[in-house]
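Below is one structure, written out as structure tokens; the observations come after it.
The values are calculated or read from the model by the stated rules, or taken from the named source; none is laboratory data. Every value quoted in this text rests on a predicted model; they were computed, and no experiment measured them. Note: ideal-geometry Cβ built from the backbone for every residue, glycine included; neighbour counts use all protein chains shown. The accessibility values were calculated without ligands, DNA or RNA, using every heavy atom of the protein model including side chains. Shrake-Rupley method; radii C 1.70, N 1.55, O 1.52, S 1.80 Å.
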Amino acid sequence: MLKRVHFPPSVLPYLLVAPQIIITLVFFIWPASQALWQSMLVEDAFGLSTEFVWFENFQALFRDDQYIGAFKRTAFFSLAVAFVSMSFSLVLAGFADRVVRGAIVYRTLLIWPYAIAPVLAGALWVFMFNPTLGILAYGLEMLGYEWNHQLRGGQAMALVIMAASWKQVAYNFLFYLAAMQAIPRSVIEAAAIDGAGPIRRFWTIIFPLISPTTFFLLVINAVYAFFDTFGIIHAVTQGGPANATTILVYKVYNDGFVGLDLGGSAAQSVILMILVIAMTVLQFRYIERKVEY
Amino acid sequence: MAKIRLDNLRKSYGGTEVLHGVSGEIEDGELVVIVGPSGCGKSTLLRMIAGLETVTAGEIHIGERMVNGLEPARRDIAMVFQNYALYPHMTVRQNMAYGLKIRGLPKEEINRRVEEAADILELREYLERKPRQLSGGQRQRVAMGRAIVRDPQVFLFDEPLSNLDAKLRVQMRLEIRKLQKRLGVTSIYVTHDQVEAMTLGDRLMVLNGGYVEQFGTPIEVYERPQTVFVAGFIGSPAMNFLPAELSDGHVVLGNGARVPGGAGEGEVTLGLRPEHLVADEDGPVRVRVALMEQLGANTLIHGVLEGTDQEMVVSLHGIRDIAEGEVMGFSAPQDALHLFDRRSGRRIN
């Protein structure tokens with residue numbers, strides 16, 4: 001161990017870490033503590049008085065069927081987004097890994113959706129599926145399927161899942177492709193000589209070998225679906241119809257800025273904060289250890 | 001078991017041809033070593049036989065079948081890779097059983113074969129371990145085991161020992177030799193190491209720049225190298241090459257010295273193996289000693305042919321004590337002279 005004597009006291013190290021610490025304090029710790037404080041307050045409808053109520057906001061939340069519903073919906077939504085976007089990008093990466101000609105073109109094009117702002121991504125999907133003028137809604141109608149996500153909750157959910165997954169495919173694709181290309185070619189060749197066809201090679205060799213990436217992406221995608229899909233939902237459904245697409249993060253906004261229940265909204269965001277901390281811990285603790293071969 | 005026949009094999013990448021028509025027959029049960037410097041196309045050739053590279057032109061026959069268009073899996077071959085290419089997420093047992101499982105053999109049969117191979121390779125106690133828990137030599141053996149259990153017609157080895165340390169390499173070399181003799185499976189072994197090539201091969205195929213320079217037994221290749229390249233590549237320390245001229249039954253060296261031997265006239269390159277020169281005070285080959293290397297069993301003398309700046313190495317038995325700057329005489333027996341055409345580099349005696 002190095003002894004302290006080797007480093008004469010100096011302000012330089014503190015100066016060097018100061019920017020990061022200031023940013024963390026101002027943009028993370030301060031707002032988080034404000035949310036924590038606010039979650040224990042109740043305000044009257046006109047914002048004239050506030051009362052400190054300890055955990056009443058939280059108690060109210062867990063008695064509220066709508067909140068429990070949003071919780072379940074979010075779990076479904078994030079699992080669905082993770083599953084759809086990961087399986088889609090897995091297939092794409094599997095093919096891109098085999099492509100020889102034009103590989104760079106495919107790769108570049110596949111990365112583009114990631115650069116699109118969530119609201120724009122949502123807007124694109126809204127246009128395509130707009131019940132009256134959307135090209136895909138029109139196509140579905142020709143096939144005899146009536147599409148109207150403005151009226152039907154299931155369709156609305158499907159639409160936001162599609163939009164949210166589509167945007168995340170690029171990110172997952174990159175990680176999957178990198179993981180696949182890190183597998184030594186000779187291992188795949190050995191499997192080919194052992195008699196395994198492409199599909200079998202994929203499931204028995206490639207898929208197990210990229211399982212650490214799968215676990216990593218699962219956490220990343222769940223976090224993404226939990227927190228970064230606000231823009232998409234706001235642009236596509238505004239949480240409707242009848243709250244069918246109101247996930248937790250959208251409810252935070254809706255209750256706080258539309259419903260003006262600041263205390264309840266803050267309590268919800270504290271719960272979300274705890275969730276994201278839990279997921280991050282999970283990821284750091286297990287990603288290197290649990291999924292290994 | 002099967003014969004392998006290569007018929008004028010060519011390989012091009014884009015417009016560049018890297019193999020310029022390789023032909024040769026490998027007998028049933030024979031171990032042929034393909035040897036050459038890096039970039040000579042030896043691995044490409046092996047991978048073409050395995051079916052991992054496409055064939056640009058020519059034919060590969062394994063047994064009675066032309067296998068050009070067959071998938072690697074259909075060629076009935078097994079390959080041992082340089083980096084072993086074990087499946088890292090499977091145990092040793094699963095690694096060896098993988099190919100058998102795909103073929104749909106019954107479970108008892110798979111277990112029997114795996115355990116038999118494990119006994120041969122002394123891997124029994126490691127069957128339930130993962131590859132990363134094994135040493136380099138053990139991994140190498142697992143890779144061999146994976147090849148053995150499949151009971152293929154042909155073994156292909158792609159520099160399998162180059163990741164091992166020197167001592168283990170010698171040991172594994174012997175094991176591979178014994179195993180191959182015991183199983184009698186036709187094998188092709190690629191290496192850049194000429195000692196490995198000499199000790200392992202029933203025959204050597206010396207490859208250089210995509211051409212077969214010579215295809216023969218190790219002794220043939222050592223005693224009668226057909227080209228300057230083969231002469232310089234096989235043997236250690238490497239053969240001495242001296243520009244010389246043929247003149248009425250003698251080889252005339254650069255300094256005018258006349259070594260008896262040779263026939264005809266013309267400019268040649270004289271090849272002399274360091275270990276074939278005999279110390280002889282009156283010998284015609286006179287070397288000014290620049291440096292000595294004592295290896296115990298023999299002594300390497302580095303110097304130049306007197307009166308020229310042509311460098312030479314001589315290897316003498318035992319421990320010698322020779323002063324630097326001294327001029328030593330050597331004679332060269334007639335059958336130790338290798339004469340090559342100066343232009344084409346081909347053997348002429």
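Considering only the stretch B:1-34, state which residues are surrounded by 15 or more Cβ atoms within 10 Å (Cβ to Cβ) and not in a strand (DSSP E or B). Correct list: B:Ala2, B:Lys3, B:Gly29, B:Glu30. With respect to (1) closer than 21 Å to B:Gly41 by Cβ; (2) assigned to a helix (DSSP H, G or I); (3) without any contact (Cβ under 8 Å) to a residue 40 or more places away in the chain; (4) not basic (Lys, Arg), the lone exception for B:Thr199 is condition (1). Looking at B:Gly136, is it of a type in the set (Gly, Ala, Ser) and either open to solvent by 10 Å² or more (accessible area, probe 1.4 Å) or at pLDDT below 90 (or both)? Considered against the rule, which asks whether it is of a type in the set (Gly, Ala, Ser) and either open to solvent by 10 Å² or more (accessible area, probe 1.4 Å) or at pLDDT below 90 (or both), B:Gly136 comes out as yes. Among the residues of the stretch A:147-157, is there at least one that is open to solvent by less than 60 Å² (accessible area, probe 1.4 Å), more than 18 Å from the chain's Cα centre (by Cα) and closer than 30 Å to B:Asp76 by Cβ? Within the stretch A:147-157, none of the residues are open to solvent by less than 60 Å² (accessible area, probe 1.4 Å), more than 18 Å from the chain's Cα centre (by Cα) and closer than 30 Å to B:Asp76 by Cβ. Quick check on the stretch B:65-77. Is at least one of its residues buried (at least 22 other Cβ atoms within 10 Å of the Cβ), over 26 Å from A:Thr204 (Cβ atoms) and more than 14 Å from chain A (Cβ to nearest Cβ)? No, because not a single residue in the stretch B:65-77 is buried (at least 22 other Cβ atoms within 10 Å of the Cβ), over 26 Å from A:Thr204 (Cβ atoms) and more than 14 Å from chain A (Cβ to nearest Cβ). Across the stretch A:173-186, the qualifying residues are those that are assigned to a helix (DSSP H, G or I) and within 14 Å of chain B (Cβ to nearest Cβ), and the one among them that is surrounded by the most Cβ atoms within 10 Å (Cβ to Cβ) is A:Ala179. For the stretch B:6-60, what are the residues that are of a type in the set (D, E, K, R) and within 14 Å of chain A (Cβ to nearest Cβ)? Hits for the stretch B:6-60 are B:Arg47, B:Glu53.
Conditions tested, residue by residue: (1) touching a residue at least 60 places away in the same chain (Cβ under 8 Å); (2) more than 20 Å from B:Glu122 (Cα to Cα); (3) in contact with a Phe, Trp or Tyr (Cβ under 6 Å, 6 or more places away or on another chain).
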site: B:Gln153; (1), (2), (3): yes, yes, no
site: B:Pro160; (1), (2), (3): yes, no, no
site: B:Asp165; (1), (2), (3): no, no, no
site: B:Met172; (1), (2), (3): no, no, no
site: B:Arg177; (1), (2), (3): yes, no, no
site: B:Leu183; (1), (2), (3): no, no, no
site: B:Ser187; (1), (2), (3): yes, yes, yes
site: B:Val190; (1), (2), (3): yes, yes, no
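The residue list B:Thr217, B:Thr227 contains one member that is buried (at least 19 other Cβ atoms within 10 Å of the Cβ) and among the hydroxyl-bearing types (Ser, Thr, Tyr), which is B:Thr227. If you filter the stretch B:172-198 down to residues that are among the acidic types (Asp, Glu) and closer than 11 Å to B:Leu161 by Cα, you find that the one that is surrounded by the most Cβ atoms within 10 Å (Cβ to Cβ) is B:Glu196. Consider B:Gly264 carefully, then state whether it is over 29 Å from B:Cys40 (Cβ atoms), outside the structural domain of B:Ser23 (by TED's automatic domain parsing), out of contact with any Leu (no Cβ under 9 Å at 6 or more places or on another chain) and part of a loop (DSSP other than H, G, I, E, B). Against the criterion (over 29 Å from B:Cys40 (Cβ atoms), outside the structural domain of B:Ser23 (by TED's automatic domain parsing), out of contact with any Leu (no Cβ under 9 Å at 6 or more places or on another chain) and part of a loop (DSSP other than H, G, I, E, B)), B:Gly264 does not qualify. Note on the stretch A:84-93: residues that are crowded, with 18+ Cβ neighbours inside 10 Å and not hydrophobic (A, V, I, L, M, F, W, C) amount to 2. The set of residues from the stretch A:114-146 being assigned to a loop (DSSP other than H, G, I, E, B) and open to solvent by less than 90 Å² (accessible area, probe 1.4 Å) comprises A:Ile116, A:Ala117, A:Asn130, A:Pro131, A:Gly134, A:Gly144. For the stretch B:78-109, which residues satisfy the criterion of being buried (at least 18 other Cβ atoms within 10 Å of the Cβ), part of a helix (DSSP H, G or I) and more than 7 Å from chain A (Cβ to nearest Cβ)? Hits for the stretch B:78-109 are B:Val92, B:Arg93, B:Asn95, B:Met96, B:Ala97, B:Leu100.
Of the numbered criteria (1) farther than 20 Å from A:Ile210 by Cβ; (2) among the small types (Gly, Ala, Ser); (3) within 15 Å of the chain's Cα centre (by Cα), the one A:Ala82 fails is (1).
Taken together, B:Glu128, B:Glu116 contain a single residue that is part of a loop (DSSP other than H, G, I, E, B), open to solvent by 80 Å² or more (accessible area, probe 1.4 Å) and not hydrophobic (A, V, I, L, M, F, W, C), which is B:Glu128. Across the stretch A:187-241, the qualifying residues are those that are more than 14 Å from every other protein chain (Cβ to nearest Cβ) and of a type in the set (Ser, Thr, Tyr), and the one among them that is surrounded by the most Cβ atoms within 10 Å (Cβ to Cβ) is A:Thr229. The set of residues in the stretch B:311-345 being open to solvent by less than 40 Å² (accessible area, probe 1.4 Å), modelled with pLDDT of 90 or more and closer than 15 Å to B:Thr269 by Cα consists of B:Met312, B:Leu337, B:His338, B:Leu339, B:Phe340.
If the condition is being of a type in the set (Gly, Ala, Ser) and within 34 Å of the chain's Cα centre (by Cα), then the stretch B:102-122 contributes B:Ala117, B:Ala118.
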